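Asker: Here it is, the structure in full.
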Amino acid sequence: MKIAFVGKGGSGKTTLSSLFIRHLAATGAPVVAVDADINQHLGAALGLDETEAAGLPAMGEHLPLIKEHLRGTNPRIASTGTMIKTTPPGEGSRLLRVCEDNPVYDACARPVELDAGAVRLMVTGPFTEADLGVACYHSKTGAVELCLNHLVDGRDEYVVVDMTAGSDSFASGMFTRFDITFLVAEPTRKGVSVYRQYKEYARDFGVTLKVVGNKVQGPDDLDFLREEAGDDLLTTVGHSDWVRAMEKGRPPRFELLEEANRLALRTLRTAADATYESRDWERYTRQMVHFHLKNARSWGNERTGADLTAQVDPGFVLGETVAAPA
């Protein structure tokens, strides 16, 4: 299952995504964790120290390798130079699977050992001084989007992405790449404003959106979130001494997380797992193509000097049954 955590800055989305990743790993599920936020904090939330987190390989720095691997023998892609973040797979493309070894994982993923399991962690890389004035952060997340376009995941396999804050995800089609999106919201007017934006933008794309209330301290907070989010409110998380210790770099064993918060994490997994039966790979592929054509015509064709609309393979549908190229 492909799962996104979104929310305004400071809402706690990175903390909650890290807790969910720990929860999945503790059950023995295979997990690929991706930090796609401009503020790279997921590694630290998973227990890495500053040196370890800073040493993680940035996906953007390995974009040529990623493109070369994913291109495979696809005859519609003349060269890796014509691949952009929205390039869709077709016959001959190499696909990524959660439980495999491949050059992309070798270059960009690192194992993170947790006290109850292990996960693969990938990061976009931070926005650096060299980027100021010459690049936007979406150039960093392009590697993530390209990988998600070529990713095939099955039941009980998880890809958890900590997305950039706010509604920046809508600058591309990446917001449609997920089975479910968890929007982390504090019980404040600012906290729910991103929810309203996200729901409006996602309305026409069949995005499954659920709200996770965070920093909920009592009935008034809960009533506020219920009033603002209605049936989209899935669960809430309150104060956590475990999280406070984790933020100090001294997390207790994960099994000591408060039972109420463990129950909230189980609720998230149940909601994510429930979307498996309603997967629509044809719609998923159609939306992928939609955003590729949009990007090709607005800037991609001019930038690459090629007709990127020709990269679309009209007979190809991404799915679990697609065979790997010989």
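Asker: Could you say which residue among Asp106, Asp101, Asp49 is acidic (Asp, Glu), surrounded by fewer than 19 Cβ atoms within 10 Å (Cβ to Cβ) and over 30 Å from Val312 (Cα atoms)?
Answerer: Asp49
Asker: From the residues in region 284-298 that are open to solvent by less than 70 Å² (accessible area, probe 1.4 Å) and of a type outside the set (S, T, N, Q), which one is farthest from Ser79 (Cα to Cα)?
Answerer: Ranking the candidates gives Tyr284 first.
Asker: On to the next question. Within the bounds of region 10-20, is there any residue that is open to solvent by 50 Å² or more (accessible area, probe 1.4 Å), closer than 17 Å to Leu183 by Cα and part of a loop (DSSP other than H, G, I, E, B)?
Answerer: Yes, there is a match, as at least one residue in region 10-20 is open to solvent by 50 Å² or more (accessible area, probe 1.4 Å), closer than 17 Å to Leu183 by Cα and part of a loop (DSSP other than H, G, I, E, B).
Asker: A follow-up question, please. Going through region 63-99 one residue at a time, which ones are closer than 14 Å to Val322 by Cβ and not hydroxyl-bearing (Ser, Thr, Tyr)?
Answerer: Within region 63-99, Leu70, Gly72, Asn74, Pro88, Pro89, Gly90, Glu91, Gly92, Arg94, Leu95, Leu96, Arg97 qualify.
Asker: Continuing with this model, one more query. Please determine whether any residue of region 72-83 is closer than 28 Å to Gln197 by Cβ and not basic (Lys, Arg).
Answerer: no
Asker: Does Lys248 satisfy being under 25 Å from Gly47 (Cβ atoms), open to solvent by 50 Å² or more (accessible area, probe 1.4 Å) and in contact (Cβ under 8 Å) with a residue 40 or more places away in the chain?
Answerer: Criteria not met by Lys248.
Asker: I'd like the full set of residues that are hydroxyl-bearing (Ser, Thr, Tyr) and either crowded, with 17+ Cβ neighbours inside 10 Å or in contact (Cβ under 8 Å) with a residue 24 or more places away in the chain (or both), limited to region 251-274.
Answerer: Thr267
Asker: Please verify whether Val211 is at pLDDT below 95, of a type in the set (A, V, I, L, M) and in contact with a strand residue (DSSP E or B) (Cβ under 7 Å, 6 or more places away or on another chain), treating the condition exactly as stated.
Answerer: Spelling it out, it is not the case that Val211 is at pLDDT below 95, of a type in the set (A, V, I, L, M) and in contact with a strand residue (DSSP E or B) (Cβ under 7 Å, 6 or more places away or on another chain).
The values are calculated or read from the model by the stated rules, or taken from the named source; none is laboratory data. What you see is a predicted model, and the numbers here were worked out from it, not measured in a lab. Counting neighbours? That spans all protein chains shown, and the Cβs are built from the backbone with ideal geometry, glycine included. Protein only, heavy atoms only, side chains kept; ligands, DNA and RNA dropped before computing areas. Shrake-Rupley method; radii C 1.70, N 1.55, O 1.52, S 1.80 Å.
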